[in-house]
Amino acid sequence: MPAARHPRDARLLLPQDFDAVFKSGRRLRGRFFVCVAAESGRATARLGLAVARKHVPLAVSRNRIKRVAREAFRLMRTQLPVFDLVISPQRDILNGTAADWRQDLDQLLGRLRPISPSSTSDLSPP
């Protein structure tokens with residue numbers, strides 16, 4: 001059951017990894033989340049979460065947001081192109097429910113497309 005886990009090699013752990021994604025990645029915006037995606041030389045997609053205390057003051061809410069995002073990524077990881085992703089909530093995240101968040105994440109992750117050298121709109125829907 002490899003798809004049922006969220007292994008260590010599917011996580012962005014180091015600050016340098018986050019910096020590289022923010023520096024060279026492309027942004028996709030949803031209703032509740034922003035996803036920054038950068039191509040990776042790895043074998044699988046990796047996820048990093050950046051949930052600021054400024055936008056989500058309560059720790060319980062930050063943890064719930066991260067739990068929902070990890071679950072959405074875990075279920076779609078095998079279908080995603082090999083990207084390093086950083087997902088961050090937008091300011092109005094607390095106006096939605098966990099089901100709304102999950103729907104937004106599913107739509108965002110579904111919009112990811114592999115970057116081709118001839119493509120000008122790399123991450124946009126077909």
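When you scan segment 23-48, how many residues do you find that are farther than 20 Å from ARG113 by Cβ and in a helix (DSSP H, G or I)?
The total comes to 1.
Condition test on ALA52, is it outside any strand (DSSP E or B), within 17 Å of TRP101 (Cβ to Cβ) and either β-branched (Val, Ile, Thr) or in contact with a strand residue (DSSP E or B) (Cβ under 8 Å, 6 or more places away or on another chain) (or both)?
So ALA52 fits the description; yes.
Only one of (1) closer than 23 Å to ARG113 by Cβ; (2) touching a Lys or Arg at 6+ places or on another chain (Cβ under 7 Å); (3) at pLDDT 95 or above fails for VAL68. Which number is that?
So VAL68 meets the others, but not (1).
Any residue at all in segment 12-31 that's β-branched (Val, Ile, Thr), surrounded by 12 or more Cβ atoms within 10 Å (Cβ to Cβ) and in contact with a Pro (Cβ under 9 Å, 6 or more places away or on another chain)?
no
Any idea which of (1) in a loop (DSSP other than H, G, I, E, B); (2) surrounded by fewer than 16 Cβ atoms within 10 Å (Cβ to Cβ) is the one GLU71 doesn't satisfy?
Answer for GLU71: the failing condition is (1).
Got a number for residues in segment 64-100 being touching a helix residue (DSSP H, G or I) at 6+ places or on another chain (Cβ under 6 Å) and over 23 Å from ALA38 (Cβ atoms)?
1
Kindly list, by first and then second residue, each pair from a residue in segment 81-92 that is among the acidic types (Asp, Glu) to a residue that is part of a strand (DSSP E or B), limited to pairs with Cβ atoms under 8 Å and residues at least 6 apart or on different chains.
Pairs found: ASP84/ALA37; ASP84/ALA38; ASP84/GLU39; ASP84/ARG46; ASP84/GLY48.
Quick test for you: out of ALA99, ALA38, ALA45, ALA59, pick the one residue that is under 21 Å from GLN16 (Cβ atoms), surrounded by fewer than 20 Cβ atoms within 10 Å (Cβ to Cβ) and hydrophobic (A, V, I, L, M, F, W, C).
On the way: ALA99 fails: under 21 Å from GLN16 (Cβ atoms); ALA45 fails: surrounded by fewer than 20 Cβ atoms within 10 Å (Cβ to Cβ); ALA59 fails: under 21 Å from GLN16 (Cβ atoms).
Result of the check over ALA99, ALA38, ALA45, ALA59: ALA38.
The values are calculated or read from the model by the stated rules, or taken from the named source; none is laboratory data. Because the structure is predicted, anything quoted here is derived from the model rather than measured. Glycine gets a Cβ as well: all are built from the backbone with ideal geometry, and neighbour counts include every protein chain shown.
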